[in-house]
Structures are given as C-alpha cells and as structure tokens.
Amino acid sequence: MEIRTWREAYTLILQRCAAIPVKHDALMFLRNKIIGRKRTFLSDKADGMDFPVRISDGLFAEADFDTEWLIRVLITELLSPVRYDYSNITVTVVTGKKRYTHASGIM
C-alpha cells in the first residue's frame, strides 16, 4: 500500500491494530489515560488535540508530532501497552522520478 507521509503510516498502523478485537478493546481502555505535557495522545473525541486522526469509532490519536516523536509515541505509548507485535512492520522509501526540463539543448 502506498502512503505518502509518516502521519499516514502512523494512522494506518493504529487502524490495523484496532482492527484486531482484543487490541481494539485494549486501545479503548487506554483512551484519555495517556497524556503528554499539553494534550491527550489517545481519546474518545477529537476535541483538545492539535491534529487528531480517527482510528475507529470513538477512538482518536494525536498525530501532531515530528517523525521521531510520532514513531516514539506509536511504539512506546500505544502499541507496546496493548502488546501489538510490530516487529514485522517495514517501511520502504521510494524516491520519486526526477523531472528534467529540456530547453535549448540544456538539461
């Protein structure tokens, strides 16, 4: 599956985790209990989050982090506590094709 941003990867991984009933229940249990300095990382509503992403009905995750913190929060605050096996998740970065403009013989 092609995704374009780390935020999209974060959202997809959490959605796949939540698609497993026992993991969904565990995430629902954690709602409104994991709090950073200024906001909740996992909530039953989008209110109070800077950039909420919908994981499932009644389950939103904060996604306003730089890449390092996005991955850190994903692993240490969300996936590990629900015992989701993330060891086989891989990310492949594919660089786009370069576009050259040909004008007057100059590339």
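The values are calculated or read from the model by the stated rules, or taken from the named source; none is laboratory data. Not measured: the values here are computed from a predicted model. A quick note on method: Cβ atoms are made from the backbone with ideal geometry, for glycine too, and the neighbour counts reach across all protein chains shown.
Structure data summary
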{"read-out": "Where ARG54 falls short, out of the listed (1) part of a loop (DSSP other than H, G, I, E, B); (2) closer than 19 Å to ILE3 by Cβ; (3) of a type in the set (Lys, Arg)", "value": "(1)"}
{"read-out": "Within region 1-49, tally of residues that are within 23 Å of ASN88 (Cβ to Cβ) and of a type in the set (Gly, Ala, Ser)", "value": "4"}
{"read-out": "Per-region count, region 1-49, residues over 17 Å from TYR86 (Cα atoms), in contact with a helix residue (DSSP H, G or I) (Cβ under 9 Å, 6 or more places away or on another chain), in a helix (DSSP H, G or I) and among the aromatic types (Phe, Trp, Tyr)", "value": "0"}
{"read-out": "Any chance PHE60 is of a type in the set (Phe, Trp, Tyr), surrounded by 17 or more Cβ atoms within 10 Å (Cβ to Cβ) and not in a loop (DSSP other than H, G, I, E, B)", "value": "yes"}
{"read-out": "Neighbours by Cβ (under 8 Å, 6+ apart or cross-chain): first from region 25-45, on the phi > 0 side of the Ramachandran plot; second buried (at least 17 other Cβ atoms within 10 Å of the Cβ) and at pLDDT 90 or above", "value": "ASN32/LEU42; ASN32/SER43"}
{"read-out": "GLU68 vs. criteria at pLDDT 90 or above, loosely packed, with under 13 Cβ neighbours inside 10 Å, not in a strand (DSSP E or B) and not small (Gly, Ala, Ser)", "value": "yes"}
{"read-out": "Subset of region 77-102 that is at pLDDT 80 or above and of a type in the set (Ser, Thr, Tyr) - its residue that is farthest from PRO21 (Cα to Cα)", "value": "THR92"}
